[in-house]
Structure formats: C-alpha cells, structure tokens
Amino acid sequence: METESGYDPDLWRSLSEMGVVGLVVDEAQGGSGVGPVELEAVMEEVGAALLCSPLLASGVVAAELLKALGDKGVSERLLPEIAAGTSIATAVLTGDSGCWTEEGVTITGEIQDGGWQLSGDGSYVLHGQNADVLLVVANTDEGLAAFVAASSAEGVSIEALPTFDHTLRLAGISFDGVEADRIEASGSVWEAVRRAMDLALVALAGEQAGGAQKVLDFTVEYAKTRIQFGRQIGSFQAIKHMAANLLLETESAISAARHAASRLAQDSENRAEAVSLAAFACADAFVKTAADGIQMHGGIAFTWEHPAHLYLKRARADAQLFGTPAYHRERYLQELGA
Amino acid sequence: MSSDNQSSNDVLREEVRQWLAENWRPEIARTLSQEQYGWETSETRKAWLANVVESRWAVPRWPQQWYGRDLSDEQGKIVEREFAAVRAPGAGQDRINLWANTLLAGGSQALKEKLLAPLLKSEVNMCLLYSEPGAGSDLAGIRTRADRQGDHYVINGQKVWTSGAAVADYGMLIARTDWDVPKHRGISFFFCPMKQPGIEVRPLRQITDESHFNEVFITDVIVPVENLLGELNTGWQVLNMALAYERSSMGESARGPRSGVAESRNEEPLVALAREARVLAEPKLRQDIAQAISYKRLNALNSARAKADLEQGTSSSIMSLGKLAMSRILHEEARVRTEILGAQSLFEGEHYPRAEDANFLTLNAYFTSIGGGTDQIQRNIIGERVLGLPKEPEVDKTVPFRDVRTS
Ligand SMILES: Cc1cc2nc3c(=O)[nH]c(=O)nc-3n(C[C@H](O)[C@H](O)[C@H](O)COP(=O)(O)OP(=O)(O)OC[C@H]3O[C@@H](n4cnc5c(N)ncnc54)[C@H](O)[C@@H]3O)c2cc1C
C-alpha cells in the first residue's frame with residue numbers, strides 16, 4: 001500500500017494464475033469466462049482484505065469495456081494479456097470534473113495525417129500510473145469514439161495523484177497529439193461504457209459489502225472481549241444497538257450487491273435499477289459501518305495500530321468512484337420512472 | 001443593576017481598553033494571528049501572556065493573592081469582551097485554563113506558588129495522564145500505582161493516548177493509592193514532573209497521520225508530596241472537576257481545517273465551499289448545509305443561555321450538552337464538506353486543500369466524539385446526572401479494587 005505502484009506484483013501474478021484477473025474474460029481468450037455473480041463474490045473477499053491491486057481497473061472496467069465495444073480484432077489482441085495479468089489496462093473516461101457521464105468526457109480525437117490523434121486531460125484514471133494500455137473515450141467529429149493507446153506512446157504524460165485512501169491509485173493522464181487506434185464499436189460507445197461502469201459498480205458494491213461485513217465482524221468481536229466497568233462493552237446497550245444497526249446496514253448491502261450481480265448476469269431489464277440501488281446502498285453502508293466501527297472501538301481505532309481507519313478511508317474512496325451516492329439515488333429514481 | 005455597579009463597570013471597561021491600547025501593539029497582533037496550531041508556545045505569545053498575567057487580566061475573577069482582582073463573573077466578562085474585541089488572547093483563563101483552575105482548586109500552597117503563574121503564561125507544557133490500556137471510559141479502573149516513600153511518591157504504570165506528552169513538563173496524573181477499597185475511593189491526583197528518567201514517551205501514529213498522542217511508560221517516577229492535589233484517595237473528585245472543565249471547553253470549540261488555505265471570513269465556510277464548487281444551487285445540499293450550520297448555531301445559543309443562567313446563580317443542565325453537540329456538529333460538517341466536494345474528496349495534500357480539509361475533519365471529529373469521554377459516556381452522564389434516570393448497575397462499584405475484573 002505504501003509503495004509507489006500500490007500493488008504487489010507477486011500477488012498480482014498469483015491472482016492472474018488463479019483466474020481472478022480474467023474472471024469476466026471469455027475462456028477462449030484465456031479468461032475464466034464467468035460473470036458478475038462470481039465477480040461480486042470475489043470482490044466481497046477483496047473488500048474484507050482491503051486488497052490493493054489493479055483488478056478493478058484492468059480485469060473489470062477495461063476488460064468489460066473491450067467486450068462491450070465488440071471490436072473482435074482489438075479484443076483478441078488485448079483480452080488475453082489482460083486476463084493473464086501480463087498487461088495492465090485502464091480506461092480514461094473523465095477529466096477534472098470527476099463526472100462519469102458523457103458530458104464528463106474531456107479527450108478529443110482528430111484525424112491527422114491519415115491517423116487518429118488524441119488530445120486533452122483525463123483524470124481519476126484507476127491505476128493510470130501502472131497501466132500499459134489505455135482505453136480512451138473521446139469526442140470526435142463523428143461523436144463519441146473509443147481508442148486504444150499505449151501508455152508509453154509519445155505525447156502521453158501520466159501524473160500519479162495523491163489519494164486520501166492509500167490503497168487506491170489514481171492518475172491524471174494528459175494527451176498531446178497521441179497516436180491511437182480507433183476501436184470499432186459494434187453499437188453505441190457510451191452504452192458500452194455504461195455496461196463497463198455497471199459491472200464496476202457491482203464489483204464495488206461487493207467490495208463495500210465485504211468491507212462492511214469485515215468491520216462489523218471485528219467490531220463485534222472487540223465488543224465481546226473489551227472490558228470496561230467490569231463488563232464486556234458489548235453488554236452496554238449503546239454498543240449493542242449500534243452493532244444491531246450495523247448488521248442491518250451490512251446485510252442490506254450484501255443483498256443489494258448480490259441482487260445487482262444476478263440482474264446484471266441475466267442482463268435483465270431492470271438491471272440499471274438494481275445496479276444503482278446497490279451503488280448507493282452499499283456505499284452508504286460501508287461508510288457508516290466503518291465510521292461507527294471506529295466510535296465503537298474508542299481510542300485504539302484513532303491510531304494506525306488498528307486497521308479500522310483503513311476501512312473508513314477505503315469506504316470513502318469507494319463511495320466516490322463512478323458516481324457519488326447522490327448521483328446513483330437520482331439514477332435509481334429515474335429508473336423507477338420518477 | 002445599581003448605577004454604582006454600572007459606573008464601576010464603565011471604569012473597568014475603560015481601564016481594560018486603555019491597557020489594550022497601550023499594550024496590544026499591531027506587530028504582536030500580526031505575529032500571533034499568523035501562528036499555526038501546535039503544542040509548543042512561541043516566544044512572542046509567551047511574552048504577551050506574561051504581560052497579561054502580570055497586569056492581572058488573565059484571571060480577574062481569582063483572588064488578589066493569585067494574580068486576580070476578585071472581580072465578579074459579570075466583570076470578568078467585561079474584561080474578556082474587551083480582549084475579544086481586539087482578538088487579544090490570554091484573558092478568561094479563570095474560566096477556561098484547565099490546568100490552572102485545577103491547580104487553584106486542589107493544589108498545595110507550595111505547588112500553587114511554583115506553577116500557577118507559569119501555567120497562566122503558558123511557560124510550562126502540560127498533558128493528561130488519565131487513560132490506560134485497560135481504563136478508558138472506566139477511568140476508575142486505573143492500575144498505575146503511587147506508593148509513598150518519605151517525602152515523595154513513587155509512580156509505576158502505563159498511560160496511553162496522552163496528548164502532548166512528548167513536550168510536557170508536567171502531567172495531571174491519576175494513580176491508585178489504595179487497592180483495598182472500591183475503585184473510586186483509592187485514587188489520588190498528582191502533578192507529575194515529566195522531565196525525569198523514569199518517563200518514557202512513545203509516540204503513536206494517529207489516523208490523521210499526526211503524532212500528538214503517546215504511550216507513556218512510567219517506571220519509579222518521583223513525585224514530591226506537595227504535588228498531590230486534594231486529599232490522598234480523593235483523586236476521583238479532583239478528576240471529575242478537571243474533566244468537567246475539559247468537556248465544557250471541548251463543547252465550545254474544536255480544531256478547524258489544517259490545510260492553511262484561508263476560508264471565507266464573511267460567509268459560513270460550508271456556504272463558501274459550495275459556492276466555490278458551484279453546487280450552492282443544489283436543493284439537497286442546501287438543506288444539508290442549513291442543517292449543519294444550525295447545529296453549530298444552536299449549540300452557541302445553548303451555551304449562551306447556560307452562561308446567562310450561571311450568572312443568575314441557577315445552574316443549567318445545558319452545560320453538559322455542549323460536548324455531545326460539538327461531536328454532532330463536527331461529524332456532520334465533515335460529511336457535508338465531503339458531499340459538496342464529491343469525487344474531489346478522493347485526494348489529499350497541498351494541491352487539494354479543500355479535500356485535505358474535508359478528510360482531516362472527518363477523521364479529527366473522533367477527537368471530540370472519543371477523546372475526553374466518548375459520546376456514549378456523555379449520553380450516560382446526561383441521562384443519569386442531568387435527567388436523573390436510574391443508573392446502570394455497576395457490577396464492580398462496591399468491590400475492593402483488587403478483586404475487579406479486567407480485559
Ligand atoms: C484524539 C484523542 C486524544 C486523547 N487524549 C487523551 C489525553 O491526553 N489523556 C488521556 O488520559 N486520555 C486521552 N484520550 C483517551 C480518551 O479519553 C479515551 O480514548 C476515551 O475515554 C475512551 O476510552 P477507550 O479508548 O479506552 O475506549 P473504551 O472505554 O474501551 O470504549 C470502547 C467503546 O465502548 C463504549 N463504552 C464504554 N463504556 C461504556 C458504557 N458504560 N456505556 C456505553 N458505552 C460504553 C465507548 O463509548 C466506546 O464506544 C484521548 C483519546 C483520543 C481519541
């Protein structure tokens with residue numbers, strides 16, 4: 001977590017070998033060929049362990065974006081490397097606004113000397129500092145288009161951004177006339193981005209649910225062992241009631257995350273409703289559980305001797321990626337027809 | 001109010017104004033206003049405070065014998081208001097200086113002569129040696145011991161979460177002096193000299209990445225008998241008085257942002273922040289901002305009413321609400337700041353001062369909701385001591401301390 005790259009290459013290799021990195025990549029391309037349900041389950045573990053890795057960036061967002069864009073040639077070239085973990089890919093979707101919407105796209109693509117060139121400043125790029133391959137969504141004369149560029153290409157400059165959650169890696173990436181290949185999308189580019197982000201949100205929801213569950217577990221355990229006033233602190237109703245409320249939060253988060261995963265897996269009509277519900281319910285549940293968990297531990301949780309704060313930091317970060325809880329509440333209501 | 005009173009108040013007010021006009025020079029004001037928050041006191045500040053104390057403006061309600069003027073509470077207020085009007089620090093210490101008030105109330109003649117003035121002048125640094133690994137909320141469960149040997153006590157034990165221990169000259173220490181009586185009755189309260197070999201201070205890294213608080217290991221530390229406050233084994237009473245001071249000051253103010261980047265002075269910080277982030281028009285945020293500001297305003301109104309009651313001689317139950325209210329204020333303000341910033345709150349560091357502030361304040365809110373007695377303990381105190389609700393049974397209250405159960 002305190003290294004520059006923010007992940008452990010050995011661990012990354014084993015995750016790849018176990019098939020975790022290529023979870024959603026087809027078997028024909030070296031992946032595990034499973035879907036959102038399995039991904040969500042893995043992400044619950046990721047959240048519990050506060051795993052630091054480019055899994056979300058490369059194995060989820062980039063892989064799903066490539067699949068959804070449906071350019072066979074590009075997919076066949078990139079997905080096997082992504083699944084094998086030998087190449088880390090990430091998507092450049094937004095700029096300084098941090099709005100993961102069509103309006104938030106800041107890069108532009110133009111034809112120069114017969115080839116495409118990208119310009120503009122992207123931000124909030126997950127593991128941008130570790131990426132080999134950049135998938136870039138850009139505005140062009142022909143509307144929104146997707147491109148692939150090497151992170152080592154001329155004109156790309158990558159700046160690691162200082163994140164409050166040290167388990168997270170974000171970068172700002174500037175493009176100055178960068179040569180790139182256009183990805184031939186089989187349908188709407190934004191629709192593909194939306195699919196990739198929905199899978200990312202389900203993954204995050206799993207991570208949040210798993211993180212909340214873990215905090216609740218170690219907090220309840222502590223309440224059973226810590227003695228003040230000659231009794232376990234869990235015998236005080238103040239603590240007991242907080243714990244009960246957190247169980248309600250946590251169980252609801254797990255239900256929401258799993259429900260969204262199965263709706264996504266079935267590609268069901270109300271998938272957007274389920275995803276947006278999970279997005280804000282799990283974000284809020286994780287933040288609340290991590291925050292109350294600190295209060296329930298007392299002074300020990302105000303220090304680095306105890307991991308509770310790491311969970312709060314992760315919870316606060318997860319709550320902002322791919323849209324804020326407020327944004328997802330609005331989307332949820334719209335999906336409900338209001 | 002009689003006109004006599006009125007005119008003597010006018011005379012007093014005039015005297016303070018005059019003194020400030022002569023002494024509170026612009027260069028001092030400038031230096032002090034630019035000081036950063038920290039545990040150590042600058043030379044300029046020390047010199048200023050010394051002047052305030054020697055001129056008897058620091059503790060005017062205290063007796064003449066101890067740097068005071070025997071003024072009434074109302075007159076004390078007049079002095080404070082004049083100081084506040086020109087933003088000069090140092091007045092009102094007879095209300096807010098935890099260390100000096102505790103010493104005045106419980107200290108021996110010799111200790112008061114030695115330390116009262118230095119405390120008022122911030123020449124000595126202090127810390128609170130209360131909490132232990134096994135005794136936080138349940139402070140009466142402490143196991144640090146003090147044993148009398150001739151003209152001093154010998155202290156052994158361990159303290160934790162001791163803010164400022166690394167730079168402290170003295171610590172207000174509670175230690176067990178009788179193990180055969182129930183836990184509240186065998187505790188004594190000391191001013192413990194910190195600069196001696198048996199004190200080992202180990203900093204703890206806080207979640208805010210600062211290291212203001214520490215573990216303190218105490219081995220055969222010597223404390224002169226004259227450093228005992230109150231009678232032997234009545235430390236619990238002294239402690240409760242000191243805690244009341246600490247909690248009431250925690251209910252009145254708290255540490256603000258630390259990025260050092262100025263926030264608007266003309267506007268509520270949350271309003272200014274939302275304006276800057278161009279989200280001030282959003283209805284949900286407007287509601288949240290209004291609510292957060294209202295918590296702060298209502299606490300200030302409560303506190304003003306409590307003080308007015310106090311001046312009329314009726315004690316007010318509102319006083320004990322301040323710390324709990326402040327906890328809610330701080331947590332809610334930090335939450336709304338985060339909400340205003342959205343994705344920008346992911347960052348930290350000097351290039352992202354607004355995010356830095358939102359994140360820092362989110363974490364530092366626990367300083368108030370855990371430090372000085374947790375919110376849960378405050379609610380118990382309010383329920384039991386203010387509302388008179390039945391006390392929770394305390395299983396170990398009447399047992400000799402030797403037989404008490406611990407973690
Ligand atoms: C930033 C900071 C600075 C501090 N500075 C100092 C200092 O300078 N000097 C010093 O001596 N101490 C200091 N403290 C310690 C502080 O006073 C204790 O942390 C606090 O009193 C809680 O004790 P604890 O940490 O042992 O938690 P515990 O007492 O173990 O409490 C754990 C949980 O149980 C709950 N609980 C405990 N008893 C009850 C009950 N009867 N009813 C309901 N709930 C209960 C608490 O609310 C909490 O949620 C500081 C703490 C912090 C966070």
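The values are calculated or read from the model by the stated rules, or taken from the named source; none is laboratory data. Note that this is a predicted model, so its numbers are computed, not measured. Methodologically, a virtual Cβ is constructed for each residue, glycine included, from the backbone with ideal geometry; neighbour enumeration extends over all protein chains shown.
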inquiry  = For the list (1) out of contact with any His (no Cβ under 7 Å at 6 or more places or on another chain); (2) over 19 Å from A:C282 (Cβ atoms); (3) acidic (D, E), I need the number of the one condition that A:E2 fails.
reply    = (1)
message = Can you go through A:R194, A:R226, A:R182, A:R231 and tell me which one is under 22 Å from the mean Cα position of the chain (by Cα) and outside the structural domain of A:L79 (by TED's automatic domain parsing)?
response = A:R194
task = Tell me, please, whether a residue that is polar (S, T, N, Q), assigned to a loop (DSSP other than H, G, I, E, B) and more than 25 Å from A:L170 (Cβ to Cβ) can be found in the range A:52-67.
result = no
message = Here are the criteria: (1) free of Cβ contacts under 8 Å to residues at least 12 places away in the same chain; (2) buried (at least 22 other Cβ atoms within 10 Å of the Cβ); (3) more than 11 Å from every other protein chain (Cβ to nearest Cβ). Tell me which single one A:D267 does not satisfy.
response = (2)
message = Taking the conditions exactly as written (touching a residue at least 40 places away in the same chain (Cβ under 8 Å), in a helix (DSSP H, G or I) and in contact with an Asp or Glu (Cβ under 6 Å, 6 or more places away or on another chain)), does A:A278 satisfy them or not?
response = no
query = For the range B:83-166, which fully contained strands (runs of 3 or more DSSP E) count at least 1 residues that are within 14 Å of chain A (Cβ to nearest Cβ)?
reply = B:126-129, B:152-163
message = So the check is Cβ under 8 Å with 6+ separation or different chains; which pairs have a first residue in the range B:272-284 that's under 19 Å from A:P325 (Cβ atoms) and a second one that's at pLDDT below 95?
response = B:L273/B:E263
query = So which pairs qualify, if the first residue must be in the range B:369-381 and more than 8 Å from every other protein chain (Cβ to nearest Cβ) and at positive phi, the second must be of a type in the set (V, I, T) and in a helix (DSSP H, G or I), the Cβ gap must be under 8 Å, and the two must be at least 6 apart or on different chains?
reply = B:G373/B:I381
ask   = Hey, among B:G134, B:G107, B:G92, which residue is within 16 Å of the ligand (Cβ to nearest atom) and not basic (K, R)?
value = B:G134
message = Which residue is nearest to B:A100 (Cα to Cα), if the candidates are limited to the range B:153-172 and must be more than 12 Å from the ligand (Cβ to nearest atom) and surrounded by fewer than 19 Cβ atoms within 10 Å (Cβ to Cβ)?
response = B:D169
inquiry  = Going residue by residue through the range A:225-245, is there one that turns out to be in contact with a Gly (Cβ under 7 Å, 6 or more places away or on another chain) and more than 14 Å from every other protein chain (Cβ to nearest Cβ)?
reply    = no
ask   = For the range A:107-123, does any single residue satisfy the condition of being away from chain B (no Cβ under 14 Å), under 18 Å from the mean Cα position of the chain (by Cα) and closer than 30 Å to A:E2 by Cβ?
value = no
task = Have a look at B:W62, B:W48, B:W99, B:W57 and point out the one that is hydrophobic (A, V, I, L, M, F, W, C), in contact with a strand residue (DSSP E or B) (Cβ under 9 Å, 6 or more places away or on another chain), on the phi < 0 side of the Ramachandran plot and surrounded by 18 or more Cβ atoms within 10 Å (Cβ to Cβ).
result = B:W99
ask   = How many residues, within the range A:283-312, are facing another protein chain (nearest Cβ under 7 Å) and of a type in the set (S, T, N, Q)?
value = 2
Residues within the range B:355-368 that are at the interface with chain A (Cβ under 8 Å from one of its Cβ atoms) and without any contact (Cβ under 8 Å) to a residue 60 or more places away in the chain, tallied = 3
remark   = With criteria (1) surrounded by fewer than 20 Cβ atoms within 10 Å (Cβ to Cβ); (2) in contact with a helix residue (DSSP H, G or I) (Cβ under 9 Å, 6 or more places away or on another chain); (3) part of a helix (DSSP H, G or I); (4) within 14 Å of chain A (Cβ to nearest Cβ), B:Q287 comes up short on (2)
inquiry  = So B:R337 passes all but one of these: (1) more than 9 Å from chain A (Cβ to nearest Cβ); (2) surrounded by fewer than 24 Cβ atoms within 10 Å (Cβ to Cβ); (3) under 23 Å from A:D96 (Cα atoms). Which condition number does it fail?
reply    = (2)
request  = Please indicate, with yes or no, whether at least one residue in the range A:313-331 is more than 14 Å from every other protein chain (Cβ to nearest Cβ), surrounded by fewer than 23 Cβ atoms within 10 Å (Cβ to Cβ) and either part of a helix (DSSP H, G or I) or under 20 Å from the mean Cα position of the chain (by Cα) (or both).
outcome  = yes
request  = List every residue pair whose Cβ atoms sit under 8 Å apart, with the two residues 6 or more apart in sequence or on different chains, where the first one lies in the range A:237-257 and is assigned by TED's automatic domain parsing to the domain that holds A:V287 and within 11 Å of the ligand (Cβ to nearest atom) and the second, anywhere, is among the basic types (K, R) and at pLDDT 95 or above.
outcome  = A:A238/B:R379
request  = Exactly one condition in (1) surrounded by fewer than 22 Cβ atoms within 10 Å (Cβ to Cβ); (2) within 16 Å of the ligand (Cβ to nearest atom); (3) within 21 Å of the chain's Cα centre (by Cα) is not met by B:L361; state its number.
outcome  = (1)
note = Among residues of the range A:81-104 being in contact with a Ser or Thr (Cβ under 6 Å, 6 or more places away or on another chain) and under 23 Å from B:L341 (Cβ atoms), the residue surrounded by the fewest Cβ atoms within 10 Å (Cβ to Cβ) is A:D96
query = Has the range A:12-28 got at least one residue that is under 15 Å from the mean Cα position of the chain (by Cα), surrounded by fewer than 20 Cβ atoms within 10 Å (Cβ to Cβ), assigned by TED's automatic domain parsing to the domain that holds A:A63 and assigned to a helix (DSSP H, G or I)?
reply = no
